[in-house]
Amino acid sequence: MAEPLFPTQKSHQNLVAGCPVEKAAGIEGGSVDEVVGLQEEARMSPIPDRVQVGNSPLYKVERMLGAGGFGLVYIGRRVAGGSQGNGPNAFKVALKFEHRNSTGCRFGPPYEWQVYDHLKGCYGLPRVHYKGRQGDYFVMIMDILGPSLLDVFISIGQVMPPNMVACIAVEAISILEKLHQKGFVHGDVKPENLLLGKPGSSGEKKLFLIDFGLASMWRDSLSGQHVSLCQQPDNFRGTTRYASVHAHLGLTASRRDDLESLAYTLIFLIKGRLPWEGYQGNDKRFLVFMNKTVTSPETLCGGCPPPFAQFLEAVKKIQFVEQPTYSKLISLFGSLICPPCTLLKTIRIDAILKADHVSNRFTKNVEDCR
């Protein structure tokens, strides 16, 4: 294959890991325009006050939890009966709405539904209990979770202790390993998509990965062979701040890209910012790409314990078809962790959920789609 072309500043379009195919028409990169479009659709077709799809219980739709390029998420409260925990009989659930006219639904139910069907029971993913269409919206009913790592980061002073981030690293690598074993890459690993469990539940301090609207398969489901390497420089998938260098180049996504995005996430949580933040205008994505390209792991991880630079160096060396050695990557953080890792247990989830910045999560999501 010829040397990868540099990314341009054209608007991003649909792209799937591997060469583009018709089945992948529902996969698109997030953008401010898409999020604003969701708001417009919600105004034209109001979110229903109550939801019941398939054989689900009847739920009252309450406050919005968040929004992104792939839908609006609300709290759903069961009208009658229900239990306090998670599961199909839970009293409180998460309701994800996607308008029938949105890009991901133009050929039927959201692409994300297919991904969750394939990944059912996968470690570190929320469970989906019901899904169906009501009026102009496709609705997915799933376990409600706790705050995102971004919420935690803001609540504890916009910086996390390295040993806490090391615990997050170990758990996140484990989740990605299980996801990759199923043949998928996530495509948008970032603090907003890594959540703790439901407050008061047995899993409240566990980590969960959400939002699979950009997920794609790194191996062919029939042959089991790795997908081919393709490039579409004008197509971008993911979030600019955390996307891998390969994503900026429009290259086919593979397992290495999730791990590189995780590395940027970990560094952000420790240092409070990444050096390519703050760019504006039409050249923003190109400038971020160039900054990522010229900034060495040692410089990027300056002030962080050595394992974080070692992790970034290791994942940047992974080849397109190469299987990451997840156990080796996890072992890098051993010096920062006294097993079992209990630092996440010190996070006060209830206090975080009451904080002002959590209620303003929608605005933050819009900004981070840029």
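Listing for the model above:
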read-out	value
Breaking point among (1) outside any helix (DSSP H, G or I); (2) crowded, with 19+ Cβ neighbours inside 10 Å, for GLY132	(2)
Test: ASN86 is farther than 25 Å from ARG255 by Cα, touching an Asp or Glu at 6+ places or on another chain (Cβ under 6 Å) and modelled with pLDDT under 85	yes
Extreme residue, modelled with the highest pLDDT, among residues of segment 105-114 that are more than 16 Å from ILE141 (Cβ to Cβ) and not hydroxyl-bearing (Ser, Thr, Tyr)	GLN114
Only one of VAL227, VAL288, VAL294 that is aliphatic (A, V, I, L, M) and surrounded by fewer than 16 Cβ atoms within 10 Å (Cβ to Cβ)	VAL294
Matching strands (runs of 3 or more DSSP E) fully within segment 55-107 where at least 1 residues are in contact (Cβ under 8 Å) with a residue 40 or more places away in the chain and in contact with a helix residue (DSSP H, G or I) (Cβ under 6 Å, 6 or more places away or on another chain)	59-68, 92-99
Any hit, segment 32-44, residues being modelled with pLDDT under 85 and part of a strand (DSSP E or B)	no
Residue that is under 19 Å from the mean Cα position of the chain (by Cα), hydrophobic (A, V, I, L, M, F, W, C) and outside any loop (DSSP other than H, G, I, E, B), where the choices are LEU274, LEU266	LEU266
Residue tally, condition assigned to a helix (DSSP H, G or I) and within 23 Å of the chain's Cα centre (by Cα), over segment 298-309	3
Residue match in segment 203-223 (condition: of a type in the set (S, T, N, Q) and part of a loop (DSSP other than H, G, I, E, B))	yes
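The values are calculated or read from the model by the stated rules, or taken from the named source; none is laboratory data. Everything quoted here is computed from the prediction, not taken from an experiment. Counting neighbours? That spans all protein chains shown, and the Cβs are built from the backbone with ideal geometry, glycine included.
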